[in-house]
Amino acid sequence: MDNEYYIARCSRFLDAQPHMRKLGISLVQAEKSKVTLVLPVQPQLISEGQDTYFHGGVLTTLVDAASSVSTLCALEVFELCPTLDLRIDHMRTPVQSQPLYVDAECYRVTRSVLFTRALVYQDDPSHPVANAIATFMRPEGGATNSAFRSMIEGASDATPA
């Protein structure tokens, strides 16, 4: 599969989730087992009186989304894989004037679990805002929601349940 396939698949996945659209989280790039997402600077995320522009839950959402999307690029067929565990090490406070980027990679796929790692940064990946690791469960038998799967895989007439 080429990068265009991964880009389309990941973009559909993000677009299907209202909270991703509300936060403005979007795909920058995608390839086999790897993605980069961005959270743009937004006035509604600025914390008055603090030198940061988001609540910690927004960073968690960004990391979980990128990690989850990286699993889409590691699996041949779409599967609903819920987050089992997510650990984020906050390295520094992000500045208000720059977007947040996250590079995520699904580095191991087993029969029952997917393993990911992620790096959150602003202008320089060597100066991270946070590092994260996550695991995702592969339900026994590759359980899927067929309408959601059809939508992610590109069938135009499907809508999520």
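The values are calculated or read from the model by the stated rules, or taken from the named source; none is laboratory data. Only a predicted model underlies this, so the values are computations on that prediction, with no experimental measurement involved. No Cβ is skipped: glycine too gets one built from the backbone with ideal geometry, and neighbour counts run over all protein chains shown.
Scanning segment 121-138 for residues that are over 14 Å from the mean Cα position of the chain (by Cα) and farther than 25 Å from Q96 by Cα yields a total of 2. Among the residues of segment 40-79, just one is at pLDDT below 85 and touching a Lys or Arg at 6+ places or on another chain (Cβ under 9 Å), namely F78. Kindly indicate whether any position in segment 68-84 is of a type in the set (D, E, K, R), farther than 21 Å from S97 by Cβ, surrounded by 14 or more Cβ atoms within 10 Å (Cβ to Cβ) and in contact with a Ser or Thr (Cβ under 7 Å, 6 or more places away or on another chain). Within segment 68-84, one or more residues are of a type in the set (D, E, K, R), farther than 21 Å from S97 by Cβ, surrounded by 14 or more Cβ atoms within 10 Å (Cβ to Cβ) and in contact with a Ser or Thr (Cβ under 7 Å, 6 or more places away or on another chain).
State yes or no: is T61 surrounded by 15 or more Cβ atoms within 10 Å (Cβ to Cβ) and touching a Cys at 6+ places or on another chain (Cβ under 8 Å)? The answer is no for T61. Of note, G56 satisfies the criterion of being surrounded by fewer than 14 Cβ atoms within 10 Å (Cβ to Cβ) and more than 21 Å from V113 (Cβ to Cβ). Pairing residues of segment 11-32 that are on the phi > 0 side of the Ramachandran plot and of a type outside the set (V, I, T) with residues that are loosely packed, with under 14 Cβ neighbours inside 10 Å and modelled with pLDDT of 90 or more, at Cβ distances under 8 Å and at least 6 apart in sequence or on separate chains, gives G24/P40.
Condition check ((1) small (G, A, S); (2) within 22 Å of S26 (Cβ to Cβ); (3) modelled with pLDDT of 95 or more) across all residues:
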site	(1), (2), (3)
D103	no, yes, yes
A118	yes, yes, yes
H127	no, no, yes
I133	no, no, yes
G141	yes, no, no
M151	no, yes, no
P160	no, yes, no
